[in-house]
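Take a look at the structure below.
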Amino acid sequence: MSPMHPLVSRVLLMAGLIFAGWLLRRIGALDRRRTSWTSRIMVDILFPVLVFRQMLLSVNPSNLHTILHFSVLGCMMLGAGFGTAALVHRLSGTTAHRRTFLFCGMMPNWIFLPLAIVEPILGSTGVTIVIFFNIPMQFVLWTFCVRLLRGRMRGAHVIRMLVFNPGLLAAVSGLVMALLLPDQVDSVSQTVAGNAFFQAMYWVGWLTIPASLIILGSHIAGVEPGADNARADLIRILPIRLLVAPLLFLTGLLALHALGWTLDDDQRFVLLLISSMPVALNCSIFVDRFGGDHSLAAHAVFASTLLAFASVPLMVWAMNAIAGCFL
């Protein structure tokens with residue numbers, strides 16, 4: 001199957017769900033209050049269930065080192081986007097909400113789109129790589145990224161918002177149970193009740209994907225058309241996310257290779273694919289949940305996702321070609 005086929009299918013499906021959310025907002029089925037309430041359900045329930053199940057069934061002591069390696073690479077990937085966005089925001093003189101601008105510039109869609117693309121190309125190997133990369137990304141999302149959106153937090157408020165939140169608790173509990181109780185988890189999953197429980201978690205968790213798209217469509221329908229300065233801010237974010245950050249990440253991979261850190265071909269392909277992804281689907285959801293300019297975030301997600309149809313295949317092809325010359 002051509003690598004373009006799953007990407008085209010995914011973009012068409014996403015467009016349909018985004019339009020559904022836009023239509024629901026236009027006819028009044030989703031107003032601002034209902035959209036915010038649904039956003040909270042997705043962030044606090046659906047997404048954590050997905051994270052918990054993935055960690056529980058994918059992590060074991062033998063592959064923990066791979067997750068640790070991906071932690072370093074994930075921070076490097078996010079750092080490329082964050083640093084570029086911070087520099088552009090400072091030098092361009094934009095009046096865009098700084099924390100939202102940085103969040104959108106640094107945060108690629110690291111799980112939803114990549115899973116849909118790598119599964120028909122690499123099979124279970126590609127899916128496993130995406131899931132393992134998701135683990136450290138969850139810790140960064142629910143700590144650094146939440147703090148970035150919330151601004152300054154001190155004392156008990158830091159503990160409450162950065163530690164005792166559903167997403168981080170799901171990540172920590174799933175990781176601990178997978179590492180300390182692997183036999184018990186496997187035994188439970190083999191029973192009828194246990195299998196039904198894991199299947200239920202699977203369906204609840206994967207509601208995150210369509211729910212996030214529908215909520216995104218509602219956010220887009222609820223904002224006024226962008227002013228000239230808003231469009232200018234969007235034009236600044238898109239090349240950061242789709243062009244500059246992936247190239248900086250590739251430069252980091254080449255530097256690590258020169259120092260003796262190697263990746264196999266599948267890992268390199270998946271990581272380069274993730275680095276070239278558009279703004280994460282849940283960016284507008286998190287901005288609405290934890291603070292920021294949700295209009296800018298929603299438009300950045302929408303526009304970058306549409307542009308990704310052309311940019312992602314070209315970027316991945318070009319970066320793999322460059323990497324092949326040096327690795």
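Near G291, once Lys and Arg are set to +1 and Asp and Glu to -1 for all other residues with Cβ below 10 Å from its Cβ, the sum equals +1. In terms of other Cβ atoms within 10 Å, R25, R33, R40 run from fewest to most in the order R33, R40, R25. In this rough spin-label picture, where each label sits 7 Å from Cα along the Cβ direction, the A29-I235 distance is 3.7 nm.
Within a Cβ distance under 14 Å of N320, other residues only, what is the Lys/Arg minus Asp/Glu net charge? Overall, the nearby charge balance is -2. Under the convention that each Lys and Arg Cβ holds +1 and each Asp and Glu Cβ holds -1, the size of the dipole of the chain around its Cα centre is about 1140 debye.
Taking a ≥ b ≥ c as the square roots of the eigenvalues of the Cα gyration tensor of the stretch 1-132, is the shape rounded (a/c under 1.5), prolate (a/b larger than b/c) or oblate? Note, shape of the stretch 1-132 comes out oblate.
Result for the chain in a Gaussian network model with C-alpha springs under 10 Å: among L271, L87, L179, the largest mean-square fluctuation is at L87.
In terms of its C-alpha gyration tensor, the chain comes out rounded, because the ratio a/c of the largest to the smallest axis stays below 1.5. Between rounded, prolate and oblate, where does the stretch 186-272 land on the alpha carbon gyration tensor, with a ≥ b ≥ c its root eigenvalues, rounded for a/c under 1.5, else prolate if a/b exceeds b/c? Since a/c reaches 1.5 but b/c is at least a/b, the shape of the stretch 186-272 is classed as oblate.
Using the rule -39500 (n - 2.57) for each DSSP H run of four or more residues, divided by the residues of the chain, the 222 nm mean residue ellipticity is -25000 deg cm²/dmol. The calculated FRET efficiency for L91 paired with N195, based on their beta-carbon distance and R0 = 56 Å, is about 0.50. Within the listed set G222, G167, G93, the residue fluctuating most in the Gaussian network model of the chain (springs between alpha-carbon atoms under 10 angstrom) is G93. With the chain treated as a Gaussian network of Cα nodes joined by springs under 10 Å, which of I215, I41, I111 yields the largest mean-square fluctuation? Between I215, I41, I111, it is I41 that shows the largest mean-square fluctuation. Neighbour counting of Cβ atoms within 10 Å sorts the residues I121, I322, I274, fewest neighbours leading, into I322, I121, I274.
As a proxy for reagent exposure, ranking C75, C325, C283, C145 by other Cβ atoms within 10 Å from fewest up yields C325, C75, C145, C283.
What's the center-to-center distance, using Cα atoms, between the stretch 304-325 and the stretch 86-116 in Å? Taking the Cα centre of each part, the stretch 304-325 and the stretch 86-116 sit 19 Å apart.
FYI, it's all coordinate maths here, none of it is from the lab. Computed from a prediction, not measured in an experiment: that's the story for all the values here. Every residue, glycine as well, gets a Cβ built from its backbone with ideal geometry; the counts of neighbours run over all protein chains shown.
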